[in-house]
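The values are calculated or read from the model by the stated rules, or taken from the named source; none is laboratory data. This one's a predicted model, so the numbers in the text were calculated from it and none came from an experiment. Reconstructed Cβ throughout: ideal geometry from the backbone, glycine too, with neighbour counts over all protein chains shown.
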Amino acid sequence: MDLIVIAGFLGSGKTSVLLHLARPLAAAGRRIAVIENEVGKVGIDDQLLTAEGLRVKELYSGCICCSLRTDLVQTLLELERTWNPDLVLLEPSGVAGPDQVLAALVGYGGEIATRQVAVVLDATRAALLQSGTLPLVERGIKVADLLLINKCDAAAPEATLALTAWAQGLKPDATAFAISAQTGHGLDAVASHLTAAIHGTAPARPQRRTSRRAAAAAHHHHHHERTDELAAAFAWHGKLRWPTPVDAQSVQAQLADLLQQMACASAPNTPSLPGHIKAIVQVRPAGGYLLLSTTSTTHAPQPRGRLPATFQQAELTCNAILFGTTKPRLQRLFQKLLKASPLHAATKRKAC
């Protein structure tokens, strides 16, 4: 079994990158499983990946390298025993460093033939990532095999170049790719590189058994308790039901406005959000989904997926992970904005 860890800061585009990479790897005949870790009781990325037809195992309510360490090992063993995948794509939450993910694998009794660590970096937030205020980003880069400089289509070319140079300065032997998970630019080359590494025709990093002393040292340096790395997580899940069919475009516009207001209220003095706000609408049994995601106070949330042209009921999940705030503040803010939104009249609330 081969393992690819796709890590990165909140909102860097990990899930979109994972989707783009999974398709060509699966088309090559690989049996692929995905392990998805989200902080909080309700996830969105796992819903998206399942809707796209991938086999997903979810790990909720904690950082994969802390409270869920045992669950990660057990999940890998279960996958190996019951489905025997050729390849596992592991996406830790945006507050988990890949260095700690690797340390969490200490004690895994199964076989990992090769492992690759791909760290996704958001070029539109180059200044934030290079500011020195996010040590977990720097620690992640230092164990990366691949540096995926994402959103290069939306960022200024000089920002992409500067972010690439900065990241390679931290990890000179990592291979860097400028990509766009939105358009697919550069991701075929990434998939080819990973495939070659797995098959032994390109440099791959074999799985190394980490000593318990090294694991203890890694845990010691995992500073979630530091205030500059303490993120607040909030989730809301409920049903939407209208008295008459509604237009998909109007629902998208209302939800986008809700998320954008939340972003601006959470970080009024900076264009780059120190975290990630997202929502997914799913229509059942007709099918279809819409994912909206934002990491900016100045740009509209990015949509993914498609809803039926009209529908009368749906399920809505919203979640946010932000630095510099608390869960109660996020809850109060979301409830206030939802109450003022046209969506409120259709909601059957269930906060998580």
(message) If I ask for residues that are within 24 Å of T295 (Cα to Cα) and either surrounded by 21 or more Cβ atoms within 10 Å (Cβ to Cβ) or within 20 Å of the chain's Cα centre (by Cα) (or both), which ones from the stretch 143-158 would you list?
(response) A144, L146, L147, L148, I149, N150, K151, C152, D153, A154, A155
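For the stretch 10-31, enumerate the residues that are within 23 Å of A263 (Cβ to Cβ) and surrounded by fewer than 16 Cβ atoms within 10 Å (Cβ to Cβ). Walk me through it before giving the result.
So the first thing to find is which residues in the stretch 10-31 are within 23 Å of A263 (Cβ to Cβ), and the list is 10-17.
Residues satisfying the conditions do not exist here.
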(message) Quick test of your reading of the structure: E138 fulfils all but one of (1) more than 24 Å from A300 (Cα to Cα); (2) touching a residue at least 40 places away in the same chain (Cβ under 8 Å). Name the failing condition by number.
(response) (2)
(message) For G238, only one of the following conditions fails: (1) of a type outside the set (A, V, I, L, M, F, W, C); (2) at pLDDT 85 or above; (3) out of contact with any Leu (no Cβ under 7 Å at 6 or more places or on another chain). What is its number?
(response) (3)
(message) I want to confirm something. Restricting to the stretch 259-296 and keeping residues that are more than 14 Å from the chain's Cα centre (by Cα) and on the phi > 0 side of the Ramachandran plot, which single residue is modelled with the lowest pLDDT?
(response) G287
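For the stretch 7-20, does any single residue satisfy the condition of being modelled with pLDDT under 65 and either more than 12 Å from P92 (Cα to Cα) or among the polar types (S, T, N, Q) (or both)? Give the steps one after another, and end with the answer.
Within the stretch 7-20, the first condition is being modelled with pLDDT under 65, and the residues that meet it are none.
Within the stretch 7-20, not a single residue is modelled with pLDDT under 65 and either more than 12 Å from P92 (Cα to Cα) or among the polar types (S, T, N, Q) (or both).
Residue-by-condition table, conditions (1) modelled with pLDDT under 95; (2) outside any helix (DSSP H, G or I):
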position	(1), (2)
T164	no, no
A176	no, yes
T210	yes, yes
R213	yes, no
A216	yes, no
(request) Among what's in the stretch 187-202 and is buried (at least 19 other Cβ atoms within 10 Å of the Cβ) and touching a helix residue (DSSP H, G or I) at 6+ places or on another chain (Cβ under 8 Å), pick the residue that is modelled with the lowest pLDDT. (result) L194
(message) So K339 ticks every box in (1) without any contact (Cβ under 8 Å) to a residue 24 or more places away in the chain; (2) in a strand (DSSP E or B) but one. Which box is left unticked?
(response) (2)
(request) Out of G184, G169, G140, G132, report the one residue that is part of a helix (DSSP H, G or I), of a type outside the set (K, R) and at pLDDT below 95. (result) G140
(message) Quick check on L79: is it hydrophobic (A, V, I, L, M, F, W, C), in a helix (DSSP H, G or I) and modelled with pLDDT under 80?
(response) no
